[in-house]
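J.: The structure under discussion is supplied below as structure tokens; questions concerning it will follow.
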């Protein structure tokens, strides 16, 4: 009897298939993540003339990504950790990173779906169109932006063991981002707060996405925002991975 | 790798520490081919820490764990591939159907699973009608059966079962014992932890009693009873005149209830 280590590709495809099925069966949560930006996009119709179509799209997409990373990802990780699902997987001959990579791959697919949905709603409801390069770069910036919120979600799960506390903490942070985006980002709380908001994880992601939608106008501010965004990803992911415990006991 | 060896699992001088607390102290034992070895101990004795170290879930501070010739520290993936594990709680995604869980773990262990093979497995565990049921919809006994079959889906040399019959009714428990014995008949080595002395006496070929992180004694259940049947302490705790394994266990580990 020979001991066989399965190929990483075989293991990964089995994990991915299971994670996609789980995501599909829990599609109510995903639909909610999709509804948040769609509702914002429709209700912000009046802002299009003021801040422009791309910025409106970027704002609503930002909320979708925040919802996905904070409400969806962190809660599903906390729940599975609580149920011991990760421990069961970890006793199998597969590297631990494969478990998380599969989860993140599902989230990446969700980011692409939300981005596409926003493009479709933006075109059909508000007649917002982008150049082909704009659509392409936005998929990239949405993935980078989504990574910030997934990393933040990971940090919350890393710093908090209890699933209920993860749920409460992620809701609080989500609410904070909504407030920052709605009032701070639009200048309702004054120029100083608007400037601070510009460099928060909400502001930098919103900046790179708005810039990505009109790549010809990509400027130094967008480059700086991209660098800060990458910095946020590194910091949140480092905290989230280093502090993460595979079991909640 | 030496597939001819007698010991499928060899634990030597195992030490597990959580901060300043030593949960496992210099634990050594082996589990042989075609043997069911029971690890018994009161709550907090170090059973789960020992098992978790073997499974690779807990990093041990000293000692060695060798599974089917593979050092668990040097070749963790090979050691894990050589063992099948059933954890204390049956922990699978509740949204997945039974057939999907089997496919997932077959994929993870690199076992080709055709439709016929899947049906054969389900028939074997008497769950042929439950293939499309979600795991969360199964009864406790059905969940345990799925969990046990997954732990042996890749035909491992060593099967680790952490309190496999906890919470089962007598019928399900008996059925599970038969399945565990069938695993032994196929030449696998089985290491199980249990609080049930009846289970240890009925199923295990040898048992190790662990307390305060140390292995107190290792022997066959019958030999232990024989050895201690005239011990005044054992007779003192005996409730029905006839000395049982439980009497020996209580005499060796004390009457105090553990947290």
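The numbers here are math on the coordinates, done by the rules we state, and not lab data. Predicted, not measured: the structure shown is a model, and the values here were computed from it. Note that we place each Cβ from the backbone using ideal geometry, even for glycine, and neighbour counts take in every protein chain shown.
J.: Rg/Rh for chain B: what does it come to with C-alpha atoms and Rh from Kirkwood?
T.: 0.98
J.: If you don't mind, another one. Please work out the Cα center distance from the range A:37-83 to the range B:66-90, rounded to the nearest Å.
T.: If you average the Cα positions of each part, the centres end up 43 Å apart.
J.: How far apart, in nanometres, would the label points at residue A:109 and residue A:188 be if each is projected 7 angstrom from Cα along the Cα-to-Cβ direction?
T.: 3.7
J.: Stretch residue B:137-residue B:17 to full length: gain in nm at 0.36 nm per residue minus the Cα-Cα span?
T.: Extra length available between residue B:137 and residue B:17 comes to 39.4 nm.
J.: Ignoring everything except DSSP H segments at least 4 long, calculate the 222 nm mean residue ellipticity for chain A; use -39,500 (n - 2.57) per segment, divide by total residues, nearest 500.
T.: -25000 deg cm²/dmol
J.: What's the exposure ranking of B:186, B:240, B:80, going from fewest to most Cβ atoms within 10 Å?
T.: Ordered by Cβ neighbours within 10 Å, fewest first: B:240, B:186, B:80.
J.: Using only the alpha-carbon atoms, how far is helix A:132-159 inclined from the longest principal axis of chain A? Give it as 0 to 90 degrees, nearest 10.
T.: With both axes taken from Cα atoms, the answer is about 50 degrees.
J.: Which whole-percent values make up P(r) of the range A:96-211 when all C-alpha to C-alpha distances are grouped in 10 Å steps starting at zero?
T.: Percent of pairs per bin, in order: 12, 33, 38, 15, 2.
J.: Where a ≥ b ≥ c are the square roots of the eigenvalues of the C-alpha gyration tensor, would you call the range B:1-59 rounded, which needs a/c under 1.5, or, failing that, prolate if a/b is larger than b/c, or oblate?
T.: Cα axes put the range B:1-59 in the prolate bin.
J.: Say each of residue A:199 and residue B:61 gets a label point 7 Å from the Cα, pointing the same way as Cα to Cβ; how far apart are those two points in nm?
T.: 4.6
J.: So for the range A:178-249, Kirkwood radius off the Cα pairs, Stokes-Einstein at 10 °C and 1.306 mPa s: how many µm² s⁻¹?
T.: For these conditions, the coefficient is 117 µm²/s.
J.: Using only Cα atoms, tell me the angle between helix B:140-151 and the longest principal axis of chain B; keep it within 0 to 90° and round to the nearest 10.
T.: 80
J.: Continuing with the same structure: For B:83, A:220, A:35, A:110, what's the fewest-to-most ordering of other Cβ within 10 Å of each Cβ?
T.: Fewest-to-most Cβ neighbours within 10 Å comes out as A:220, A:35, A:110, B:83.
J.: Using only Cα atoms, tell me the angle between helix A:8-25 and the longest principal axis of chain A; keep it within 0 to 90° and round to the nearest 10.
T.: Computed tilt is about 60 degrees.
J.: Kindly give the semi-axes, whole Å and largest first, of the ellipsoid equivalent to the range A:8-243, taking each as the square root of 5 times a Cα gyration tensor eigenvalue.
T.: 31, 19, 17
J.: Further, regarding this structure: With just the Cα atoms defining each centre, how far is the range B:114-176 from the range B:1-64? Give it in Å.
T.: What the calculation gives is 25 Å, centre to centre.
J.: Additional query: Give the relative contact order (percent, whole number) for chain A; include only Cα pairs under 8 Å separated by 6+ residues.
T.: RCO, chain A: 27 percent.
J.: Working from the alpha-carbon coordinates of the range A:1-72, get Rg over Rh, Rh being the Kirkwood radius.
T.: 1.30
J.: Quick check on the exposure proxy: order A:80, A:221 from fewest to most C-beta atoms within 10 angstrom.
T.: Neighbour counts put them in this order, fewest first: A:221, A:80.
J.: Let me confirm one metric for peptide A:24-33, namely the mean number of other chain beta-carbon atoms within 10 Å of its residues' beta-carbons.
T.: Mean inter-chain Cβ contacts per residue within 10 Å come to 1.
J.: Once you order the gyration tensor axes a ≥ b ≥ c over the Cα atoms, which shape class does the range B:174-224 get: rounded for a/c under 1.5, otherwise prolate or oblate by comparing a/b with b/c?
T.: Since a/c reaches 1.5 and a/b is larger than b/c, the shape of the range B:174-224 is classed as prolate.
J.: How big is the protein assembly as shown along each principal axis, measuring the range of its Cα positions in Å and listing the largest first?
T.: Taking the Cα atoms of the protein assembly as shown, the three principal extents are 94, 52, 41 Å.
J.: May I have the convex hull volume per residue, in Å³, for the Cα set of the range A:1-126?
T.: So the per-residue hull volume is 109 Å³.
J.: A further question follows. Once the convex hull of the C-alpha atoms of the range A:31-87 is built, how many Å³ does it hold per residue, rounded to a whole number?
T.: Cα-based convex hull of the range A:31-87, divided per residue, equals 62 Å³.
J.: 7 Å from Cα along Cα→Cβ at both residue A:238 and residue B:174: what's the point-to-point distance in nm?
T.: 6.2
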